[in-house]
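I have placed the structure first, in the form of structure tokens, so that the comments after it can refer back to it.
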Amino acid sequence: MVEVSPQPQLPIDCEGYLHPMAIHGLELFNAGLYWEAHEALEKAWREETSEIRDLYQGVLQVGVAYLHIQRCNYRGALKMYSRSKRWLEPFPETCRGIDLAQLRLDLETAIAEVRRLGPQRIDEFDPAHFKPILWVNSPPSR
């Protein structure tokens with residue numbers, strides 16, 4: 001039996017610029033417009049060719065999880081939470097100026113509250129648990 005070593009993983013380019021639609025999507029996310037943020041981030045995801053598109057997909061799915069919470073869709077929120085974690089997992093704590101460590105923490109806090117409430121009481125979710133995406137430096141300009 002021949003043992004095959006895994007291919008070395010290339011570093012993700014977290015020093016580059018965000019796609020203009022991704023910046024717009026993050027602005028919408030921070031305004032609490034999660035559906036609109038989804039649309040803008042999806043457009044950036046479709047137009048991007050590098051692996052950074054997975055960052056857009058991960059953030060997009062955090063927004064969709066929040067949208068499901070707003071709509072009292074317990075199962076949908078947990079499903080999108082799981083998906084977003086898989087998309088964001090390969091990225092470091094900061095990427096392209098986005099504080100992903102804080103985004104992950106904020107998402108965990110929101111989902112813990114969703115789980116505490118359960119499907120019968122998700123309508124009691126306090127929207128103060130929805131936190132904006134933070135920038136490590138200043139937000140990028142369009």
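Taking segment 118-142, which residues are free of Cβ contacts under 8 Å to residues at least 60 places away in the same chain and within 13 Å of the chain's Cα centre (by Cα)?
Hits for segment 118-142 are 131, 134.
I'd like the full set of residues that are aliphatic (A, V, I, L, M) and more than 18 Å from residue 94 (Cβ to Cβ), limited to segment 11-28. Lay out the reasoning, then the answer.
The first filter runs over segment 11-28 and keeps only residues aliphatic (A, V, I, L, M), leaving 12, 18, 21-23, 26, 28.
Passing the criteria: 21, 28.
Taking residue 43 as meeting all but one of (1) modelled with pLDDT of 95 or more; (2) buried (at least 21 other Cβ atoms within 10 Å of the Cβ); (3) under 19 Å from residue 25 (Cβ atoms), write down the number of the exception.
So the condition that residue 43 fails would be (2).
At least 2 residues that are among the hydroxyl-bearing types (Ser, Thr, Tyr) and within 11 Å of the chain's Cα centre (by Cα) in each: list the helices (runs of 4 or more DSSP H) lying fully within segment 16-117 that qualify. Spell out the reasoning first.
Values: elements: 20-30, 34-47, 53-70, 74-88.
The helices (runs of 4 or more DSSP H) meeting that bar are 53-70, 74-88.
The values are calculated or read from the model by the stated rules, or taken from the named source; none is laboratory data. The model shown is predicted, which means the values in this text are computed figures rather than measured ones. Don't worry about glycine lacking a Cβ; one is built from the backbone with ideal geometry, like all the others, and counts go over all protein chains shown.
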